[in-house]
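A short write-up of the structure that comes next.
The values are calculated or read from the model by the stated rules, or taken from the named source; none is laboratory data. Since this is a predicted model, take the numbers as computed values, not measurements. Ideal geometry is used to build each Cβ from the backbone, glycine not excepted, and the neighbour counts take in all protein chains shown.
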Amino acid sequence: MKSRRFRQALEEHAEALGFSMVGVAPPVSEHAVFYREWLDEGYHGEMSYLARPGAVSRRGALEETLAGVRSAIVVAHEYYQEDAPEAVGDPSLGVIARYARGADYHRVVKKKLLALARWLDTELGGVGARAYVDTGPILERELARRAGLGWFGRNTMLIHPRRGSYFFLG
């Protein structure tokens with residue numbers, strides 16, 4: 001399939017699955033050095049799994065996670081919800097964050113990613129794929145930026161000019 005036609009088909013299929021954005025990025029990390037420095041400074045706190053040697057090296061080289069990788073397809077799944085109703089006269093009640101109001105996004109987005117991977121394999125044949133929803137050893141925000149899905153805000157979140165930052169990455 002020709003590149004332009006494939007890109008259009010990919011966008012259409014991703015949209016049909018419920019993804020609001022899709023992009024393709026090279027599997028090379030520009031931020032691996034920064035990530036290692038961040039770990040060396042102890043900014044990961046008690047999240048020791050972030051500093052496991054295997055995970056650190058894989059975050060810098062997708063080739064270690066998926067041999068022969070040539071591209072990373074990155075998607076966005078929006079979760080914007082209207083403002084939550086005020087706590088009913090009880091200031092001790094908290095407001096549930098927008099991203100946490102629906103079903104577990106890890107499962108929702110991963111199911112759609114696996115469907116996208118099956119479609120890719122049908123279209124291209126012999127496609128090896130891994131589906132991650134902030135659970136794997138990849139720097140997904142960097143990949144999303146490089147795929148054209150947005151830019152890094154001062155809060156380190158990925159921001160899209162029209163959609164803001166109310167989306168999950170896969």
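Just one residue in the set Glu63, Glu37 is over 19 Å from the mean Cα position of the chain (by Cα) and either among the acidic types (Asp, Glu) or not in a helix (DSSP H, G or I) (or both); that residue is Glu37. One residue alone among Arg118, Arg141 is in a helix (DSSP H, G or I), closer than 22 Å to Phe167 by Cα and among the charged types (D, E, K, R), and that residue is Arg141.
Of all residues in segment 27-55, those that are farther than 15 Å from Arg141 by Cβ have Cβ atoms under 7 Å from Cβ atoms of residues that are surrounded by fewer than 10 Cβ atoms within 10 Å (Cβ to Cβ), 6 or more apart or on another chain, in Ala55/Tyr49. Just one of the listed residues (Arg98, Arg130, Arg154) is within 23 Å of Arg58 (Cβ to Cβ) and among the basic types (Lys, Arg), and it is Arg130.
Does Leu50 count as within 30 Å of Arg4 (Cβ to Cβ), aliphatic (A, V, I, L, M) and under 17 Å from the mean Cα position of the chain (by Cα)? Judged against the criteria, Leu50 is not a match. Annotation note: Cβ proximity below 9 Å between a residue of segment 88-100 that is surrounded by 10 or more Cβ atoms within 10 Å (Cβ to Cβ) and a residue that is at pLDDT below 75 and not small (Gly, Ala, Ser) (sequence gap 6+ or interchain) occurs for Val95/Asp83; Val95/Pro85; Val95/Glu86; Arg98/Tyr80; Arg98/Gln81; Arg98/Glu82; Arg98/Asp83; Tyr99/Gln81. Among residues of segment 127-140 that are farther than 10 Å from Lys110 by Cβ, those with a Cβ under 6 angstrom from a residue that is modelled with pLDDT of 85 or more and charged (D, E, K, R), sequence gap 6+ or separate chain, pair up as Val127/Asp121.
Matching residues to (1) surrounded by 13 or more Cβ atoms within 10 Å (Cβ to Cβ); (2) over 12 Å from the mean Cα position of the chain (by Cα); (3) at negative phi:
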site	(1), (2), (3)
Tyr105	yes, no, yes
Thr122	no, yes, yes
Glu140	yes, no, yes
Gly148	yes, yes, no
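Note on segment 17-36: among residues that are among the aliphatic types (A, V, I, L, M) and modelled with pLDDT under 95, the one that is surrounded by the fewest Cβ atoms within 10 Å (Cβ to Cβ) is Val33.
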